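Derivation of every value follows stated rules applied to the coordinates shown; laboratory data play no part. Keep in mind that what you see is a predicted model, and the values were worked out from it rather than measured. A quick note on method: Cβ atoms are made from the backbone with ideal geometry, for glycine too, and the neighbour counts reach across all protein chains shown.
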Amino acid sequence: MAQLSDDCFAFGGSLLGIDAARQMIFERVRPVGGIERVPLRRALGRTLAEDITAPIAVPGFDNSAVDGYAVRFDDLDPHGPTTLRCVDRIAAGHDPAAALTAGLAARIFTGGALPAGADVVIMQEDCQRDGDLVTIRPGIKRHANTRQAGEDMPLGSLALKAGRRLGPAELGVLAALGLAEVPVRRRLSIALLSTGDEVREPGQPLGSRQIYDANRFILAGMLERLGVDVADLGIVPDDAATLADTLRQAAETTDLIITSGGVSTGEEDHVRTAIANHGSLYFWRLAIKPGRPVAMGQIGATPLAGLPGNPVAALLTFALVARPMIEALSGTEPHVARRFPAIADFPYKKKTGRREYVRVSLEGTAGLPKLRRYHKEGAGMLTSLTETDGLAELTEETTRLQPGAEVAFVPYSELI
Ligand code: AMP
Ligand code: MG
């Protein structure tokens, strides 16, 4: 008797592993040219184009980390209190009046420059002030509560490497170095389109057999977070000629094309055929679930990521395939999603040879977090994304999971 399959992954043929796909991406996709200098306030999310070596030391001078009294360590009695005469008052931004000589202390505030000779600061809470005398308890270490010139960034040190994506903290580093402008890679322009006769634009009337386009909003959201320009090409019907024309035009004007839907083996799946006819196809099936049908290739010389139609699969494969392509194109240091150890509180069975991702919520606070599997698992189930915290990653080798087993957890914040 013929066996009908209820597993859409059961069809034969070779599937490419996700690690091999990633390697292929970084081998085949090269950074685009074009470097520009932008003001620091415009640099958020851009990719640094050159190494930044510190043109000044930060901090630029030895200074106090607290409000208190700057003293000479060698003046302090290690066994009992020491009383010193207070001579100066050094606020942040001002010069000390003079070097500190033996037997003297200087009142100093956070960020104030240490006077020459002083090598330790006593917090005001640990001192007793009486007129111009200050008494200090024993037990402090040399250099305590001070910041040494250059201890954060020595003059000439490598502060940030080319390829770093500039987040708020990186902007802080550049600003602290006094740099008003920064060399960054040209912003990528990425064409984004959805495919499908059934797919409609939100806001438009919906036919009885139609669905609204969720993918373009998920994908545009992730693209915008990555700091690229999105060329929104809307929805393209399941028509080979229209799709091929749209892709060929997009290839002329953009750095990367991202599509969703139409990459399976059905007769209405035209993306793969268009790549094969108008460019070259590198792979179209990955050994992952959800998201097996995902194509990578190029139209003309422009790379293309053909993501699956199901929204959960589209989101996951964006993170695993499209994002590395964007990093390769923009010369950005590749992001490696961090995995955290956690405990599965569900059983699971799978085949070897493919990596599977299970949508889960985090539970429990003591010890390793527990992962609860979401009760609906279809790759089209949008609420499975909004109601969970991330993905349990089950390796290619895993075949069976018992509740209580340790698994890797990937929070969505690491992916998108
Ligand atoms: P496909 O890969 O084109 O066969 O699509 C797989 C499933 O995803 C089908 O049920 C489609 O209707 C659905 N789908 C395709 N594109 C979208 C989209 N842009 N938004 C939401 N669902 C989609
Ligand atoms: Mg389709």
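P(r) tail for the range 289-357: Cα pairs beyond 20 Å make up 45% of the total. For q values of 0.14, 0.17, 0.19, 0.22 Å⁻¹, compute log₁₀ I(q)/I(0) with the Debye formula on a Cα-only model of the range 1-141, without solvent. Those come out to -0.76, -0.93, -1.07, -1.28, one per q. Counting only Cα atoms, the size of the range 10-78 along its three principal axes is 81, 37, 18 Å, in decreasing order. Among 32, 134, 230, the largest mean-square fluctuation in a Gaussian network model of the chain, built with springs joining Cα atoms closer than 10 Å, belongs to 134. Note on the range 372-416: Cα convex hull, mean projected area over all directions, 3.9 nm². In this structure, residue 405 and residue 175 have a Cβ-Cβ separation that, at R0 = 60 Å, corresponds to a calculated FRET efficiency of about 0.80. With all pairs of different C-alpha atoms in the average, the Kirkwood value for the hydrodynamic radius of the range 176-312 is 15.7 Å. Note on the range 260-404: with charges restricted to the Cβ of Lys and Arg (+1) and Asp and Glu (-1), its dipole about the Cα centre is near 440 debye.
Think of the range 163-211 as having a plus end and a minus end, set by charges on the Cβ of Lys, Arg, Asp and Glu; of 208, 175, 196, 175 sits farthest toward the positive end of this dipole. The fraction of all Cα pairs in the range 63-147 landing in successive 5 Å bins from 0 to the largest distance is 3, 18, 31, 29, 15, 3, 0, given as whole percents. Candidates 109, 65, 98 compared by Cα position along the dipole of the range 63-147: farthest toward the positive end lies 65, with charges placed on Cβ.
Can you work out the base-10 log of I(q)/I(0) for the range 228-287 at q = 0.30 1/Å, using the Debye formula on its C-alpha atoms alone? So the normalised log intensities are -1.52. Highest GNM mean-square fluctuation among 207, 93, 221, for the chain modelled with Cα contacts below 10 Å: 93. Reported value for the range 123-202: 299 Å³ per residue, from the convex hull of its C-alpha atoms. Largest GNM mean-square fluctuation among 328, 144, 159, using the chain with Cα springs under 10 Å: 144. Can you give me the pair-distance distribution of the range 237-368, C-alpha pairs, 5 Å bins, whole percents? Per 5 Å bin, starting at 0, the Cα pair percentages come out as 2, 9, 18, 19, 18, 12, 8, 6, 4, 2, 1, 0.
Dividing the C-alpha radius of gyration of the chain by 2.2 N^0.38 Å, with N its residue count, gives 1.37.
Cross-link partners of residue 351 among lysines, defined as those whose alpha carbon lies under 21 angstrom from its own and excluding same-chain residues fewer than eight positions apart: 289, 376. Of all DSSP beta bridges confined to the chain, the antiparallel ones make up roughly 70%.
This model, with +1 at the C-beta of Lys and Arg and -1 at the C-beta of Asp and Glu, gives the range 63-147 a dipole about its Cα centre of some 120 debye. Think of each Lys and Arg Cβ as +1 and each Asp and Glu Cβ as -1; about the Cα centre, that makes the dipole of the chain roughly 500 debye. Percent of C-alpha pairs per 5 Å bin in the range 340-414, short distances first: 4, 17, 28, 26, 18, 6, 1. Computed from backbone phi with θ = phi - 60° and the Karplus coefficients 6.51, -1.76 and 1.60, the 3J(HN,Hα) list for the range 159-166 is 8, 9, 8, 3, x, 6, 7, 7 Hz; x is used for glycine and proline.
A Förster distance of 22 Å, applied to the separation of the beta-carbon atoms of residue 249 and residue 335, puts the FRET efficiency at 0.15. Using the beta-carbon distance between residue 91 and residue 366 and R0 = 51 Å, what value does 1/(1 + (r/R0)^6) give for FRET efficiency, to the nearest 0.05? It comes out at approximately 0.60. A simple count of charges around residue 296, restricted to other residues whose Cβ falls under 11 Å of its Cβ and scoring Lys, Arg +1 and Asp, Glu -1, yields +4.
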